[in-house]
Amino acid sequence: MKKWLKNVSFVILLIKSCLLLGQDLDEKKIIVIDPGHGGNDSGAIGVNNLKEKSITLEIARLISELAVKNHYKTVKIYQTRYSDTLISLSDRTKLAKALNADLFLSLHCNHSDNPNARGVEIYLSNTQSKYSGESVWTAFQLQVDLNEKLGLESRGVKFANFQVLRETTDFMPSVLLELGFLSNEDEGSYLLKPESLDSLASVIWECLIKKLDGYERIGD
C-alpha cells in the first residue's frame, strides 16, 4: 500500500497524459525531462551538503518554465517528477513511451572520491537503434554548448547501460547528462548559485530546441 501511495502522483500524471494524447499533443513536440533521484534517494551529496535530487529538479523546473515562455505552442515539456518524490526508473521510461516523446533527457550530477574530479559527462545507450544518430547529435551538441557558452569542462560523450537509456533508446533519442561533480568544491559552489542553474537551464533548453529545429516560435 505504501509503495502504491508513493507513486500516486506518477499514476495520475500518466493517466492525464494518456487522456491528452489525441488532443493537441499531436501538434506539439514532446520532451521528457527526467530529474534524477528524489525522495529518500538523494543521489550525490556535495561538499556543501548540496543534494543531486534538488539540483536536477530545479533545473528541470527552469527548463519547463522556458518552454512555457518561449515555445508553448509547439513544444511541451513533461517531467518524470515535479516534487521531491522517488519515481522508479521503469515508471520514468514508461511515461516517456506513453507520451511518444520526441526526446528524453535524464539530468544528474556526479560524485567522486577524488575531490579534483570535475567536468560534464554525457551518456548514451550502448545499444544501437534507429534513434542513435539523433542521440549522438544531441549529446555532442550539449557538450559543445555547455563548454563554449558556460566554460564547463567536458569529460566527453560516453556509452553505458543505464536503465533509463536502455528502456528508451528504441523509442526516441535519449541522453543522460551529468552536470558536474558535487564532490568538487568549485563545481559544487557553482551549482549552489541560482544564477548558475538559470544559465544551465537556458543553455540546455536552447540545445533541445536546436534538436527540434524547424518548429515555429511564438511570435515568429
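The table below lists the values:
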{"read-out": "Pairwise label distance in nanometres, Phe171 with Lys193, each label 7 Å out on the Cα-Cβ vector", "value": "3.9 nm"}
{"read-out": "Shape parameters for segment 118-220, alpha-carbon atoms, Rg then Dmax in Å", "value": "14.6, 43"}
{"read-out": "Difference of contour (0.36 nm per residue) and Cα-Cα distance, Asn100 to Leu150", "value": "14.8 nm"}
{"read-out": "If the convex hull is drawn through the Cα atoms of segment 58-110, its volume per residue in Å³", "value": "95 Å³"}
{"read-out": "Long-range amide H partners of Thr85 with built H, under 5 Å", "value": "Gly39"}
{"read-out": "Built amide H within the under 5 Å cut-off of Leu179, gap 5+", "value": "His108, Cys109, Asn110"}
{"read-out": "Charge tally in the Cβ shell below 12 Å around Gln143, where Lys, Arg are +1 and Asp, Glu are -1, Gln143 excluded", "value": "-2"}
{"read-out": "Residue-wise HN-Hα coupling along segment 62-69, computed from phi with Karplus coefficients 6.51, -1.76, 1.60 (Hz; x: Gly, Pro)", "value": "5, 5, 4, 5, 5, 5, 5, 6"}
{"read-out": "Cβ-derived FRET efficiency at R0 30 Å, Lys73 paired with Asn114, nearest 0.05", "value": "0.05"}
{"read-out": "Out-of-range pairs (alpha-carbon distance over 27 Å; input Lys94/Lys193; Lys28/Lys210; Lys69/Lys149; Lys29/Lys193; Lys94/Lys210)", "value": "Lys94/Lys193; Lys29/Lys193"}
{"read-out": "10 Å binning of all Cα-Cα separations within segment 31-211, expressed as whole percents from 0 upward", "value": "10, 41, 40, 9, 0"}
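Only the coordinates and a few stated rules stand behind these numbers; no lab work does. No experiment lies behind these values; they were computed from the predicted model shown. Cβ sites come from the backbone with ideal geometry, for glycine too, and all protein chains shown count toward neighbours.
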